[in-house]
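One structure is given here, and the rest of the page talks about it.
The values are calculated or read from the model by the stated rules, or taken from the named source; none is laboratory data. As the structure is a computational prediction, the values presented were derived from the model and not from experiment. Reconstructed Cβ throughout: ideal geometry from the backbone, glycine too, with neighbour counts over all protein chains shown. Just the protein is used for accessible areas: all its heavy atoms, side chains included, with ligands, DNA and RNA removed. Shrake-Rupley method; radii C 1.70, N 1.55, O 1.52, S 1.80 Å.
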Amino acid sequence: MTDDPDDEHVPSPAAGLPIVTADDGQPYLPAAAVIAYLRAVADSCRNLADDPECGPETAAEAFEATAGAIGQEADALECAAIARTRPG
């Protein structure tokens, strides 16, 4: 760990999504939460595309990093869903 603030751990946005457990025991997300989450992902991609310092050489690297971050968010959301539906 360095003193660089960009190196600090940032909690996963997926951790704040409201998961509810239905009568069938399955975890669900309210549509409004999913829409807001997807809009945030889209905004992030637009910001990356509009970055004047993100040229063709760095674009592939940036998109790979974005894909990795989205995968991590999916993992965090899956873990939260499992924790929400686990008995006890």
If every Lys and Arg gets +1 and every Asp and Glu gets -1 at its Cβ, then about the Cα centre region 21-84 yields a dipole, in debye to the nearest 20, of 300
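Using a ≥ b ≥ c from the Cα gyration tensor of region 26-86 (square roots of the eigenvalues), is it rounded, prolate or oblate, where a/c under 1.5 gives rounded and otherwise the larger of a/b and b/c decides, a/b for prolate? Present the calculation step by step, with values, prior to reporting the outcome.
On the way: a/c = 5.79, a/b = 2.11, b/c = 2.74.
The shape class here is oblate.
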Evaluate the distance, in nm, between pseudo-label points positioned 7 Å from the Cα of residue 69 and of residue 31 along their respective Cα→Cβ axes. 2.8
So how much accessible area does residue 37 have, in Å² to the nearest 10, using a 1.4 Å probe? 50
Give, in nm to one decimal, the length gained when the segment between residue 19 and residue 85 is fully stretched (0.36 nm per residue of separation minus the Cα-Cα distance). 22.8 nm
